[in-house]
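Laboratory data are not the source of any read-out in this text; all were calculated from the coordinates shown. Predicted model only: the values in this text are computed from it and were never measured. As a convention, Cβ positions derive from the backbone with ideal geometry for all residues, glycine included, and neighbour counts pool all protein chains shown.
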Amino acid sequence: MPQPSSWFSSPDDAATRLSASGYLADTATATTAYLAGALEKPLLVEGPAGVGKTELAKAVARVTDAELIRLQCYEGLDEARALYEWNYKKQLLFIQAATVSREATATTGLPQSVQDWESGIFTEEFLLTRPLLTAIRRDQPTVLLVDEVDKTDVEVEGLLLEVLSDFQVTIPELGTVSAVRRPFVVLTSNASRELSEAVKRRCLYLHLDYPDAEREREIVTSQVPDLEERVAGRLVETIGRLRDLELKKAPSIAESVDWARTLVALEIGELDEKAIADTLGVVLKHSSDQEKAVKELRLRS
Ligand SMILES: Nc1ncnc2c1ncn2[C@@H]1O[C@H](COP(=O)(O)OP(=O)(O)OP(=O)(O)O)[C@@H](O)[C@H]1O
Ligand SMILES: [Mg+2]
């Protein structure tokens, strides 16, 4: 029997605890995190790069004392990497050792048929569990992060479906493994491709975007407390202006935080045009974006 969920007691509880651990969630994020725990539904978080999708899963694990199990998705990810595989080397060694010992001792107590062999080598001892199966089998609190799910091939979504809808995995040789304790599942996506409706239907959905200026200033100053409030305000305002330009890659929260660290490291107390131009490489990573920014913000290059 699945145990009752014990993730967050309310949206406020989620907001307070996440914020105490350094993750400043807005109301929609805190509410969805609470609901994902209460309804035991996977949470699909979609949005541009660097807005805190992955960090949300990490923060939930931190504040709930759960272990974070991460499945990093990439093109070509397959069942053997996502779910489980049989330890073929060990199976072969076992068969070899058994054959040698049979020849040496001429005993006849060894398996004679293929079925007999199978029952010996397709057992727990020869199973290599991968993140999805590991998360399903844990009886301690677990956050399962399926990161960048849009990077996989569509076939992997089929694998996810069984896990996401029934919290179980079927291994033909062993049977069905059902979750003793449902993990808190977070899927993240940059929306580089549409996920299947079947996956979406099973998830709660959260669209994360760049935060408003006030929240971003809070995030920056909480991570870089040495940054002066005034400079933080100017930094966030400049980041906002850069995001309004049509850039190849708009600066994310991660870049805001890096920029703040840079200003502190260089002891820059005033974010004037020169300071911005000198440190733009921390924020914009394409030369065409930098040129555009310099021009549009009328900076000295
Ligand atoms: N709400 C937040 N509170 C505190 N820090 C945040 C928040 N959102 C983002 N950050 C900071 O931004 C950084 C980048 O976030 P994260 O790695 O989660 O981005 P992402 O959305 O997963 O991006 P990508 O799509 O590139 O993987 C984090 O390490 C964290 O420092
Ligand atoms: Mg991420």
(request) Considering the convex hull of the alpha carbon atoms of the chain, report its projected area averaged over all viewing directions, in nm², one decimal. (result) 20.5
(request) Based on other C-beta atoms within 10 Å, arrange LYS292, LYS274 from fewest to most. (result) LYS274, LYS292
(request) For the chain, with a Gaussian network of springs between Cα atoms less than 10 Å apart, report the residue from ALA260, ALA57, ALA33 with the top mean-square fluctuation. (result) ALA260
(request) Mind jotting down the distance between the C-alpha centroids of region 256-301 and region 174-198, whole Å? (result) 40
(request) Tabulate in residue order the Karplus-calculated ³J(HN,Hα) for region 235-241, using 6.51 cos²θ - 1.76 cosθ + 1.60 with θ = phi - 60°, rounded to whole Hz; enter x for Gly and Pro. (result) 4, 5, 5, 5, 4, x, 5
(request) Sum -39500 (n - 2.57) across every DSSP H segment of at least 4 residues in the chain, then divide by the residue count to get the 222 nm mean residue ellipticity, nearest 500. (result) -14500 deg cm²/dmol
(message) What does DSSP give for the chain in terms of the percent of beta bridges that are antiparallel, rounded to the nearest 5?
(response) 30
(message) Taking the Cα of ASP153, stepping 7 Å toward and past its beta carbon, and measuring to each backbone N in region 168-200: which are under 18 Å?
(response) 193-196
(message) Between region 9-24 and region 199-250, how far is it from one alpha carbon centroid to the other, in angstrom?
(response) 18
(request) Grab the beta carbon distance between ALA254 and THR27, set R0 = 25 Å, and tell me the FRET efficiency rounded to 0.05. (result) 0.65
(message) Could you work out the relative contact order of the chain? I mean the mean sequence separation of Cα pairs under 8 Å and 6+ apart, divided by the number of residues, in percent.
(response) 22
(request) Would you mind ranking ARG298, ARG193, ARG261, ARG17 so that the residue whose beta carbon has the fewest other beta carbons within 10 Å leads the list? (result) ARG298, ARG193, ARG261, ARG17
(request) Determine the gain in length on full extension of the stretch ASN87-ASP12; use 0.36 nm per residue of separation and subtract their C-alpha separation, reporting nm with one decimal. (result) 22.4 nm
(message) Given a Förster distance of 35 Å, report the FRET efficiency between ARG215 and ASP166 from their Cβ-Cβ distance, rounded to the nearest 0.05.
(response) 0.40
(request) Using only the Cα atoms of region 42-89, build the gyration tensor, take square roots of its eigenvalues as a ≥ b ≥ c, and label the shape rounded, prolate or oblate: rounded if a/c is under 1.5, else prolate if a/b is larger than b/c, else oblate. (result) oblate
